Amino acid sequence: MVILDESEWEEQTTAFSEMCMFCIHLDKDITKRACEAYPDGIPTKIWMNEFDHRKPYPGDHGIKFESSTPKQDKTAKYVSEKLKKYKEE
């Protein structure tokens, strides 16, 4: 795992993750940017929604995105698709 200092982390990430915020595995203290799958820090590709963590990702120990309600799952999927289209433009 690549460790970023605080300034690099802030430049490359946002305080809000469109998908992680809807996941039941996210640590209650979101400032940690950690979850049950990644207690030492969620990988930037997942946090920045560059990878759909409904699919396996290295080091997740089989723990993937899981919404607490079907509505949240639909919202996360919608946001993921919109961001993907935006990044392609």
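In the stretch 40-52, the residues that are among the basic types (Lys, Arg) and modelled with pLDDT of 90 or more form Cβ pairs under 8 Å with partners that are buried (at least 17 other Cβ atoms within 10 Å of the Cβ) and not in a helix (DSSP H, G or I), at six or more places apart or across chains, as follows: LYS45/TYR57.
Can you name the condition, by its number, that GLU36 falls short on among (1) in contact with a Leu (Cβ under 9 Å, 6 or more places away or on another chain); (2) farther than 14 Å from LEU83 by Cα; (3) surrounded by 15 or more Cβ atoms within 10 Å (Cβ to Cβ)? Status for GLU36: all satisfied but (3).
The values are calculated or read from the model by the stated rules, or taken from the named source; none is laboratory data. Since we're looking at a predicted model, the values are computed, not measured. Cβ coordinates were reconstructed from backbone atoms using ideal geometry, including for glycine residues, and neighbour counts include every protein chain displayed.
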